[in-house]
Amino acid sequence: MNKIFLSVLLFLPALFPVQGQSWRALQQQAQKRGELASARQIILLDSTAVSVAPSGTGTFTINKVILVQNRSGALANRVLKYDYDPLTAFAEFHRVNIYKANGEVRPVDVGKTLDYTAPARMIYWGARQIMIELGQLEPGSVIDYEIAKKGFTYALLGSADEDRFVPPMRGQFYDIVPFWVTEPTVKKVYRVSIPGNKDMQYQFYQGECTSSLRFENDRKVYSFSKELVTPFKRESNMVDLFDVAPKLMMSSTPNWQEKSLWFYKVNEDYGSFEPTPEAQKKVNELIKGKKTEMEKIAVLTHWVADNMRYSGISMGKGEGYTLHNTQMNFTDRCGVCKDKAALLISMLRMAGFEAYPAMTMAGSRVESIPADHFNHSVAVVKLSSGTYMPLDPTWVPFLRELWSSAEQQQNYLPGVPEGSDLQITPLSAPENHYFKIYANTSLDEKGTLSGEFTVMAEGQSDGAVRRTFTSGFMDNWKNALEAELLKVSPQAKLLSVDYGKDPKNYTAAPIRIKMKFTVPNYALAGENVLIMRPLVFSNLYNQVHSYLGINTTLKERQYAFKDRCSRYVELKETMSLPKGYKMVQENRETTTSENPVASFSGYVKQENSQLQILQKLTLGKRVYEAEDWKAFREAVNAHKSFAGEQLIFKK
C-alpha cells in the first residue's frame, strides 16, 4: 500500500468520526422490533464514507455491522467476501471483530485475508476477491468489519501505477449507490467529502432519505441516510431494481454533453479507429456491389457481429472506456462489446461513413444525473439525412436487425464530436417481430391428426426459430425440427420438411419452414366422441412466446415489468373433421379492447365439416409501465384461455 493511501485513510476518521461499538444503540433499537425476531440476521449499520481527492480519486471506508440471530445467519456469514478490480482499485480488510453475546470480543487476524482471482464467465479481466474466514459463529454474535478501498470502476489504457486510481475524466467524481437492502437494516449511511472548489449534483430516486450538505474546513460533506430499511419486495418479471428501488445518483460532471465529448476525444486521441491495410481489404470486399448506404451498413454490421467471437480475454492495463484499436480487433477477432463496436466503427469509417462509439445500459434505465451507469458499448453511424443510427454488433449475431429490439426503450450516449445528450431507442413495432403458424390438418375417427403447417417469423422471432440452423450442425437440422414436432405428441411423425435452400442465410429473407406430419392417437377417441386440442395450441415453438413466462395470475402490479420484445403472434388452423362430428362447445369469439399496449382477437368455430381457428395477439412494448398491466394481462390471458381448452366432438 502506498503512502498516499495511508495518509488518506488516517484522514478519514477525522472527516467521519466513528466511536468504538457505537452500534450498541442500533442493536437495542433492533431488538425492540418484534417483526425482526425471525430474520436470520440484521444489518445494524451499513456505512460508506468517501474522501475525494482533487484528481477525482475516491478513498472509501466501508463499515458493516451484522447481528447474527440464528444458525442460518451464522452460516451465511462464516466467510466475508469483497470484489474489486486491481486495474483500477485496491481493497483490503482493515479490521474485523466479533462481539459474542456473553461480552467476549474476538478479533479476527486480517493478515489471514485471502486475495484471489474472482470467478468469471465470458469476461476474464483479472477481477479479484478478498475473503476472510470468521470461524464458528453463534446466534447473538455481532460482526463488525471495515474495508478500506481506493479507486473507481473503470480504467483507461496505458495508465501509470498511481494513475490507475484516477477516474477516466480526471478531476470528476461520480457514484451510484443502491439504497435497497436484502436483509433488514437498522441504519444505512453514505457520506462523501469533496474539495470545496468542486460542485456535485445528486438526486435520490424512488424513495426518501435524510440528506445534508455541510462545509467542513475547505471541503463539502454530503450525507445521506435511511433508517429501519426492510428488504425490497420483488414482483415477478419486474424491471431492474435500479429502476424501481431507492437509489442515490451523484456526479460532479455538469451534463451528459460533457461526458459525450470526453468519450469522443479519449478514443480519437488513442487512435482506436485507425485503418489497417488488411481491414480495408476486407471492407472493400464486403461492400463491393452494395449500392445504398443501408446495404453497406448492414453488411459491415453483420460481418462484425457474426465473425468476431465474444470472449473477454484481458489485454493487460486498460480494460474499460478506451476501445482497443483496429489492428488488435481485426487480428484477434475476439473481444467484448467494446471491441466489436470498435471494429465496426473502424470498418464503417473505411467505407466512408462517419461512425462513433456509444455507451448504453443493457437492463436498466440511465438517469439525467450524468453518473456512469453503463455496462455495454455500441456504435452510431451518421446517415446521409444527418441523423445518427445506433448499431449493436454484440447483440445481433444471426439476427435480421442492426440494433437488437431486445434493447428497445434503452438509453444510450453517443461519443460524437459535437457532443450529445442522453438518447433512447424507440419502440419497435410488433409487426417487425411477427410469429405465424398456418396449419391445414385433418382428423379421422381413430383420432389420427395429419396435415401440414408453415412457420413464418421475422425480427426477434426469426432469430428464435432460426437458431436451429445458425447454431446447430447441418446433419442435425432435421432431427431438431422433428424434436419440435414431438413437443406436440411423442407419437408424432415428421413426413417431410422444407426450409429452403440455405436457412442459415438469415439476411436473405424471413424464415419460413413447412412441415408435413401425422400423429396417430392424437385425439382421445371414444364411442362416437373425439377430444383434442388444435395443433396450433400444442406447444409448437414455445421458445418464441416469452410472454408465456410472465405470471398473469397477478391482478395488479406496483412496478413496471418487461418482456423479451414487442411481438405479433398469429395462429391459424383449418381442420377437416370426420363426417358427422360436431363440436360440443359453442362457437367462441373473443376480442379485447383496442390498445397499443396489448390486444387480442380470436375465434374457434365449426363451419360444416371444418373447424376454423384464428388467434391474433399484439404486444406493443419490451418495457411496460405498471398501468399497462391490465391491458397486457387481459390480452395474454385471452390468448392462453384458447390453448387451455380441450375441444369435444360428438357424432
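The values are calculated or read from the model by the stated rules, or taken from the named source; none is laboratory data. Small disclaimer: the values here were computed from a predicted structure and weren't measured. Reconstructed Cβ throughout: ideal geometry from the backbone, glycine too, with neighbour counts over all protein chains shown. Surface accessibility is based on the protein's heavy atoms, side chains included, excluding ligands, DNA and RNA. Shrake-Rupley method; radii C 1.70, N 1.55, O 1.52, S 1.80 Å.
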With an 8 Å cut-off on Cα pairs and a minimum separation of 6 or more residues, tell me the relative contact order of region 30-151 in percent.
35
Total formal charge among the other residues, if their Cβ is under 12 angstrom from that of Glu278, Lys/Arg +1 and Asp/Glu -1:
+2
Could you work out the relative contact order of region 192-325, using alpha carbon pairs under 8 angstrom and six or more residues apart, expressed as a whole percent?
23
For Gly56, other-chain or 5+-apart residues with amide H closer than 5 Å (H placed, Pro excluded) are Gly171
Using a 10 Å cut-off on Cβ atoms, rank the peptides 556-563, 386-393 from the highest mean neighbour count down.
386-393, 556-563
From the Cα centre of region 317-386 to that of region 450-508, the distance in Å is 34
Lys/Arg Cβ at +1, Asp/Glu Cβ at -1, dipole of the chain taken about the Cα centre: which of Asn637, Ala91, Ile313 is farthest positive-ward?
Asn637
What does the helix-only formula give at 222 nm for the chain: each DSSP H stretch with n ≥ 4 adding -39500 (n - 2.57), the total divided by the residues, and the result rounded to the nearest 500 deg cm²/dmol?
-6000 deg cm²/dmol
Go ahead and run the numbers for FRET between Lys514 and Arg170, Cβ-Cβ distance against an R0 of 60 Å, rounding to 0.05.
0.45
Once amide H atoms are built 1.01 Å from N in the peptide plane, which residues 5 or more positions from Ile511, or in another chain, come under 5 Å H to H?
Ala457
Of 467-475, 455-463, ordering from highest average Cβ density within 10 Å down gives 455-463, 467-475
Which of rounded, prolate or oblate describes region 597-651 when judged by the alpha-carbon gyration tensor and an a/c cut-off of 1.5?
prolate
At q = 0.07 Å⁻¹, work out log10 I(q)/I(0) for the chain with the Debye formula, treating every Cα as an identical point scatterer and leaving solvent out; two decimals please.
-0.61
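How high is the relative contact order of the chain? Use alpha-carbon pairs under 8 Å, at least six apart in sequence, and give a whole percent.
It rounds to 10 percent for the chain.
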Assuming R0 = 30 Å, what is the FRET efficiency of Arg214 and Thr553, from their Cβ-Cβ distance, to the nearest 0.05?
0.05
Taking θ = phi - 60°, what integer Hz values does the Karplus form 6.51 cos²θ - 1.76 cosθ + 1.60 yield along region 80-94, in sequence order, with x for Gly and Pro?
9, 10, 8, 9, 7, 10, x, 5, 9, 8, 9, 9, 8, 6, 7
Kindly identify region 299-423 as rounded, prolate or oblate by the Cα gyration tensor criterion: order the square roots of the eigenvalues as a ≥ b ≥ c, call it rounded if a/c is under 1.5, otherwise compare a/b with b/c, prolate if a/b is larger, else oblate.
rounded
So how much slack lies between His94 and Gln585, counting 0.36 nm per residue of separation and subtracting their Cα-Cα distance, in nm?
169.4 nm
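Using a 1.4 Å probe, what is the accessible area per residue for region 488-585, in Å²? Could the numbers behind the result be given before it?
Values: 4870 Å² over 98 residues.
Averaged over the residues of region 488-585, the accessible area is 50 Å².
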Taking the Cα centre of region 373-440 as the origin and placing charges on Cβ (Lys, Arg +1; Asp, Glu -1), which of Leu422, Thr394, Gln410 is farthest toward the positive end of the dipole?
Thr394
Per residue, accessible area of region 161-276 with a 1.4 Å probe, heavy atoms of protein chains only, in Å², comes to 46
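Tally Lys/Arg at +1 and Asp/Glu at -1 over every other residue whose Cβ is under 13 Å from the Cβ of Lys220; what's the total?
Charge balance in the 13 Å sphere: +1.
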Once you put a point 7 Å from the Cα of Glu268 and another 7 Å from the Cα of Val79, both along the Cβ direction, what distance in nm separates them?
4.9
Got a sec? Charge dipole of region 469-538, +1 on Cβ for Lys and Arg, -1 for Asp and Glu; which of Tyr506, Pro490, Thr518 is way out at the positive end?
Tyr506
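Could you size up the charge dipole of the chain around its Cα centre, putting +1 on the beta carbon of Lys and Arg and -1 on that of Asp and Glu, and report it in debye to the nearest 20?
1100
Could you work out the local net charge near Lys64, counting Lys and Arg as +1, Asp and Glu as -1, over the other residues with Cβ closer than 9 Å to its Cβ?
Surrounding charge for Lys64 is -3.
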How do the peptides 428-436, 212-220, 334-342 rank, highest first, by the average count of neighbouring beta carbon atoms within 10 Å per residue?
334-342, 428-436, 212-220
log10 I(q)/I(0) for region 553-651, Debye formula on C-alpha points only (no solvent), q = 0.14, 0.15 Å⁻¹, two decimals, reads -0.60, -0.66
Compute the Rg to Rh ratio over region 10-138 from the alpha carbon atoms, using the Kirkwood formula for Rh, and round to two decimal places.
1.00
Approximate spin-label separation Glu295-Asn528, in nm, with each point projected 7 Å along Cα-to-Cβ
6.7
Residue by residue through region 69-78, which ³J(HN,Hα) values in whole Hz follow from phi under the Karplus form 6.51 cos²θ - 1.76 cosθ + 1.60 (θ = phi - 60°), with glycine and proline marked x?
10, 7, 5, 4, x, 5, 5, 5, 10, 5
Considering the Cα trace of region 47-107, what is its radius of gyration and what is Dmax, both in angstroms?
15.4, 47
With θ taken as phi - 60° and the coefficients 6.51, -1.76 and 1.60, list the Karplus ³J(HN,Hα) couplings across region 363-370 in order, rounded to whole Hz; mark glycine and proline as x.
x, 8, 7, 9, 8, 6, 5, x
For the pair Ala37 and Ser225, how long in nm is the line joining their label points, each one 7 Å along Cα→Cβ?
2.8
Given a 1.4 Å probe and every protein chain left where it sits, what share in percent of the accessible area of the chain is carbon and sulfur?
49
